[in-house]
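Visitor: For reference, the structure I am asking about is given below.
The values are calculated or read from the model by the stated rules, or taken from the named source; none is laboratory data. Bear in mind the structure is a predicted one, so any value in this text is a computation, not a measurement. Here the Cβ is made from the backbone with ideal geometry for all residues, glycine too, and neighbour counts use every protein chain on show. All accessible areas refer to the heavy atoms of the entire protein, side chains included, with ligands and DNA or RNA removed. Shrake-Rupley method; radii C 1.70, N 1.55, O 1.52, S 1.80 Å.
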Amino acid sequence: MSAPHNTPQVPKAPKVTEREARKVAEAAREQDWRKPSFAKELFLGRFRLDLIHPHPLPPPDDIRRGEEFLGRLRAFCEAHIDSARIEREAKIPDEVVNGLKELGALGMKIETKYGGLGLTQVYYNKALALVGSASPAIGALLSAHQSIGVPQPLKIFGTQEQKDAFLPRLATTDISAFLLTEPDVGSDPARLATTAVPDGNDYLLDGVKLWTTNGVVADLLVVMARVPASEGHPGGITAFVVEADAPGVTVEHRNAFMGLRGIENGVTRFHQVRVPAANRIGPEGSGLKIALTTLNTGRLSLPAMCVGAGKWCLKIAREWSAVREQWGRPVAKHEAVGAKISFIAATTFALEAIVDLSSQMADENRNDIRIEAALAKLYGSEMGWLIADELVQIRGGRGFETAESLAARGERAVPAEQMLRDMRINRIFEGSTEIMHLLIAREAVDAHLKVAGDIIDPEKPLADKAKAGANAAGFYARWLPQLVTGAGQLPRTYGEFNPAGHRDLSGHLRYVERSSRKLARSTFYAMSRWQGRMETKQGFLGRIVDIGAELFAMSAACVRAEHLRGAGEHGREAYQLADAFCRQSRVRVEELFTRLWSNTDDLDRRVVDGVLSGTYTWLEEGVIDPSGEGPWIADATPGPSAEENRHRPVR
């Protein structure tokens with residue numbers, strides 16, 4: 001038996017400077033653009049509608065197989081998933097998990113030759129929206145397993161031997177989890193403390209991982225660990241497939257949250273865990289690149305479930321607002337409530353447009369969708385939260401009351417407050433909103449940094465700066481004149497989006513084109529003004545990204561409406577929803593443009609300095625802090641575990 005680990009110490013994450021951390025992140029990102037990107041061009045002031053219109057379509061066989069599975073999944077959800085029970089017991093029943101396994105839900109994205117269903121990204125996302133509406137915890141389980149768990153990195157980077165060994169298990173019986181975060185390391189992987197030390201043909205894994213979704217029940221783990229550089233080992237952050245029941249792996253705690261109460265999320269400790277070199281995914285040092293590449297499409301699962309949530313919120317808002325009367329009229333007929341319902345309907349339409357468009361582009365693999373997927377995650381999580389919040393407001397006191405309490409006093413058990421709690425994590429999962437702003441902003445200014453980055457880099461010698469200056473002069477001499485005028489200033493442009501008898505969407509696309517050029521000009525002005533300090537202007541960069549997200553959403557909504565019209569599927573209604581969304585979105589865009597240059601960013605920084613220095617501690621007086629005792633960050637010192645192993649694979 002291992003000796004108990006009972007010496008509390010400060011977590012020993014590597015000490016790195018801000019610049020060193022950025023270098024690690026920069027080395028992990030994909031450097032080249034080998035395929036066109038609609039969103040990348042949008043940030044550069046080039047509205048490439050041809051990259052998304054006509055709306056791409058899946059092959060008929062993919063549709064048939066996808067719809068067939070959705071039918072079976074819906075029947076299973078209706079017959080076997082009791083969302084109230086999962087919420088009450090904070091656990092997905094084992095029989096439900098096993099039923100999903102028998103249905104093939106673990107292998108939705110795994111190829112048929114490995115025993116999976118081989119569904120497209122489009123239908124995988126539709127399945128997540130469906131099952132996530134029945135139980136967000138189950139949606140999280142399936143998404144964590146396939147979107148960021150072992151199957152996706154193996155699909156892209158695994159050897160044939162690894163695929164043959166693991167994918168059949170993952171398609172049918174084995175649940176997987178992705179382990180990157182640590183108690184003192186979140187979106188700053190340069191400080192990753194978990195190590196994998198080479199030992200003959202194996203690696204010895206030591207460290208602690210936090211917030212391991214599926215980690216409590218997982219059979220296979222993909223673990224990110226730092227390999228120390230040595231002779232024959234270049235080292236660096238590396239990805240490994242680890243058997244969850246291997247000696248030295250301990251699930252020390254199952255975490256509990258304000259929402260998603262059924263998820264099996266834990267703390268996992270590794271102590272001298274022997275991992276065969278054959279289980280290493282890719283070469284040493286490629287772990288972060290593997291993680292980021294996996295997330296390029298993996299991030300689409302989260303906004304897909306936000307679409308499902310939006311659809312449910314719309315249904316409840318419609319049904320409730322038609323029967324609840326106030327001052328002699330249904331509340332939906334009062335403008336204050338009606339505006340909220342319009343927002344829910346229009347935004348849900350736009351979110352589905354974004355997810356379906358991005359997913360189909362991912363399936364076709366002809367466009368680089370790294371920015372589109374990131375925008376979908378950012379926009380879906382933010383707008384999905386607002387949709388849920390508005391539903392609670394529409395329901396009033398009943399929105400704040402639990403479904404169990406409503407049922408106990410004889411009313412319909414509508415879990416609106418649970419939806420709000422469940423949706424809140426989406427603004428944090430898989431990259432918080434703040435991190436997504438920075439990630440997308442980095443990609444949005446990539447073209448500028450490629451030609452002018454050396455000019456503002458303090459470490460570059462004068463010769464490199466001079467060369468960069470010449471390259472930048474040539475680039476901007478060609479690029480800047482393109483931002484002066486464009487198709488958005490011609491009144492008849494995009495005329496196919498103004499069919500007889502429908503709302504006119506062509507004006508919205510012209511607005512997107514003009515705003516795209518304005519966005520690019522604003523970015524250039526900011527780079528000229530702040531140069532090397534641009535990376536510290538996170539408020540400005542966040543607004544730039546938010547404008548781009550709105551423009552992308554408007555484009556997707558219009559393209560989807562035209563696609564539905566052409567297919568004869570609710571075209572008139574789709575045009576109306578797209579028009580409403582674009583008008584709402586344009587109000588937000590104009591406000592964001594104003595706030596680019598008129599804001600309180602500098603004042604906010606001074607207030608923050610005062611808060612941190614204790615200047616305003618007097619403001620905190622007069623309250624009681626109900627927090628418990630203990631360190632802000634738990635001990636993560638490597639060593640054997642003294643805790644009971646809470647790992648419980650579902651069989």
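Visitor: Determine the distance separating the Cα centre of region 590-616 from the Cα centre of region 484-521; give it in Å without decimals.
Guide: Answer, in whole Å: 35.
Visitor: Oh, and also: Output the Cα-based Rg and Dmax of region 186-323 in Å, rounding Rg to one decimal and Dmax to a whole number.
Guide: 19.2, 73
Visitor: Beta carbons within 10 angstrom, averaged per residue: use that to sort the peptides 551-561, 161-171, 334-344, highest first.
Guide: On the way: 551-561: 26.8, 161-171: 18.5, 334-344: 16.3.
Highest to lowest by the protection proxy: 551-561, 161-171, 334-344.
Visitor: Under the rule of -39500 (n - 2.57) per DSSP H run of 4 or more residues, summed and divided by the residues of the chain, what mean residue ellipticity at 222 nm is obtained, to the nearest 500 deg cm²/dmol? Before the final figure, lay out the partial values.
Guide: Details: 23 runs with 343 residues, N = 651.
Calculated from helices alone, the mean residue ellipticity at 222 nm is -17000 deg cm²/dmol.
Visitor: Can you list the residues, at least 5 places off or on another chain, whose amide H is less than 5 Å from the amide H of Asp368, using H built in the peptide plane?
Guide: Distant-sequence amide H within range of Asp368: Lys35, Ser37.
Visitor: Let me ask you something else. Taking all pairs of distinct Cα atoms, average 1/r, flip it, and tell me the Kirkwood hydrodynamic radius of region 155-258 in Å to one decimal place.
Guide: Working: mean 1/r = 0.0672 Å⁻¹.
For region 155-258, the Kirkwood estimate is 14.9 Å.
Visitor: On to the next question. Report the full-extension gain for the segment Thr172 to Asp602: residue separation times 0.36 nm, less the Cα-Cα distance, to one decimal in nm.
Guide: Details: separation 430, 0.36 × 430 = 154.80 nm, distance 5.45 nm.
So the chain would gain 149.4 nm between Thr172 and Asp602.
Visitor: Additional query: Hey, what's the Kirkwood Rh for region 41-98 if you take every pair of different alpha carbons, in angstrom? Display every interim value, and only then the final one.
Guide: Details: mean 1/r = 0.0646 Å⁻¹.
Computed over Cα pairs of region 41-98, the Kirkwood hydrodynamic radius comes out at 15.5 Å.
Visitor: At 0.36 nm per residue, minus the direct Cα-Cα distance, what do Ala466 and Tyr525 gain on full extension? Give it in nm, one decimal, please.
Guide: Numbers: separation 59, 0.36 × 59 = 21.24 nm, distance 2.08 nm.
Net length gain for the segment: 19.2 nm.
Visitor: Any lysines with Cα under 24 Å of the Lys333 Cα? List them, leaving off those in the same chain fewer than 8 positions away.
Guide: The qualifying lysines are Lys311, Lys315.
Visitor: Would you calculate the volume per residue, in Å³, of the smallest convex hull containing every Cα atom of region 479-623?
Guide: On the way: hull volume 22.6 nm³, N = 145.
So the per-residue hull volume is 156 Å³.
Visitor: Using the heavy atoms of the protein chains and a 1.4 angstrom probe, tell me the accessible area per residue for region 199-241 in square angstrom. Could the numbers behind the result be given before it?
Guide: Working: 1320 Å² over 43 residues.
Per residue, region 199-241 has an accessible area of 31 Å².
Visitor: Can you run phi through the Karplus equation (6.51, -1.76, 1.60; θ = phi - 60°) for region 408-415 and list ³J(HN,Hα) in whole Hz, with x for Gly and Pro?
Guide: Coupling constants for region 408-415: 5, 9, x, 10, 4, 7, 9, x Hz.
Visitor: Now a separate question. Once you sort the root eigenvalues of the Cα gyration tensor of region 563-626 as a ≥ b ≥ c, which label holds: rounded (a/c under 1.5), prolate (a/b larger than b/c) or oblate (the other case)?
Guide: Values: a/c = 5.86, a/b = 2.66, b/c = 2.20.
Prolate shape, in that a/c is at least 1.5 and a/b is the bigger ratio.
Visitor: Something else about it: Based on the alpha carbons, how large is the Rg to Rh ratio for region 236-310 when Rh follows Kirkwood? Write out the running numbers ahead of the final one.
Guide: On the way: Rg = 16.1 Å, Rh = 15.2 Å.
That ratio equals 1.06.
Visitor: Compute the separation of the alpha-carbon centres of region 183-257 and region 136-157 and state it in Å as a whole number.
Guide: 17
Visitor: Additional query: Please list 3J(HN,Hα) in residue order for region 346-359, calculated via the Karplus relation 6.51 cos²θ - 1.76 cosθ + 1.60 where θ = phi - 60°; whole Hz, with x for glycine and proline.
Guide: 5, 6, 4, 4, 5, 4, 5, 4, 4, 5, 5, 5, 5, 5
Visitor: Hand me the tally of lysine pairs in region 404-556: alpha carbons under 23 angstrom apart, and the pair either on different chains or 8 or more positions apart.
Guide: Details: Lys450/Lys460; Lys450/Lys465; Lys450/Lys467; Lys450/Lys518; Lys450/Lys537; Lys460/Lys537; Lys465/Lys537; Lys518/Lys537.
Lysine pair count for region 404-556: 8.
Visitor: P(r) for region 99-171: what percent of alpha-carbon pairs falls in each 5 Å bin, starting at zero?
Guide: Pair shares across the bins are 4, 17, 29, 27, 14, 7, 2, 0.
Visitor: Mind checking the full-extension length gain between Lys315 and Asp62? Use 0.36 nm per residue of separation minus the Cα-Cα distance, one decimal, nm.
Guide: Values: separation 253, 0.36 × 253 = 91.08 nm, distance 2.85 nm.
Length difference between fully extended and current span is 88.2 nm.
Visitor: Where the eigenvalues come from the Cα gyration tensor of region 525-606, what are the semi-axes √(5λ) of the equivalent ellipsoid, largest first, in whole Å?
Guide: Details: eigenvalues 262, 31, 12 Å².
Result for region 525-606: semi-axes of 36, 13, 8 Å.
Visitor: Near Lys155, which lysines are there with a Cα under 23 Å away, not counting those fewer than 8 places off in the same chain?
Guide: Hits, sequence-local ones excluded: Lys35, Lys101, Lys109, Lys113, Lys126, Lys163, Lys289, Lys377.
Visitor: Averaging the inverse of every distinct alpha carbon separation and then flipping it gives the Kirkwood radius. What is it for region 202-265, in angstrom units? Don't skip to the end; give the middle numbers.
Guide: Numbers: mean 1/r = 0.0743 Å⁻¹.
Final number for the Kirkwood radius of region 202-265 is 13.5 Å.
Visitor: Oh, and also: What ³J(HN,Hα) values, in whole Hz, does the Karplus curve 6.51 cos²θ - 1.76 cosθ + 1.60 give for region 61-75 when θ = phi - 60°, with x put for Gly and Pro?
Guide: The phi angles translate into 5, 5, 5, 4, 5, x, 5, 4, 5, 4, x, 5, 5, 4, 4 Hz.
Visitor: Additional query: Mind grabbing the base-10 log of I(q)/I(0) for region 235-278 at q = 0.24, 0.26, 0.29 Å⁻¹? Debye formula, identical points on the C-alpha positions, no solvent, two decimal places.
Guide: -0.91, -0.97, -1.06
Visitor: Going 7 Å from the Cα of Met258 in the Cα-to-Cβ direction, what parts of region 599-627 have a backbone nitrogen less than 19 Å from that spot?
Guide: Backbone N within reach: 624-627.
Visitor: Given axes a ≥ b ≥ c from the Cα gyration tensor, I'd like to know whether the chain is rounded (a/c under 1.5), prolate (a/b larger than b/c) or oblate. All intermediate terms of the calculation are to be shown ahead of the outcome.
Guide: Details: a/c = 1.40, a/b = 1.11, b/c = 1.26.
Rounded.
Visitor: State the Cα centre-to-centre distance between region 410-443 and region 328-393 in whole Å.
Guide: Each part's Cα centre sits 12 Å from the other's.
Visitor: Once label points are set 7 Å from the Cα along Cα→Cβ at both Glu621 and Ser432, what is their separation, rounded to one decimal in nm?
Guide: 3.1
Visitor: If only Cα atoms are counted, what is the Rg of region 355-495, and what is its Dmax, in Å?
Guide: Rg, Dmax (Cα atoms, Å): 23.9, 78.
Visitor: Let me ask something additional. Which part of region 69-107 falls in the paramagnetic zone of Ala413, meaning amide N under 12 Å from the point 7 Å along Cα-to-beta-carbon?
Guide: 82-89
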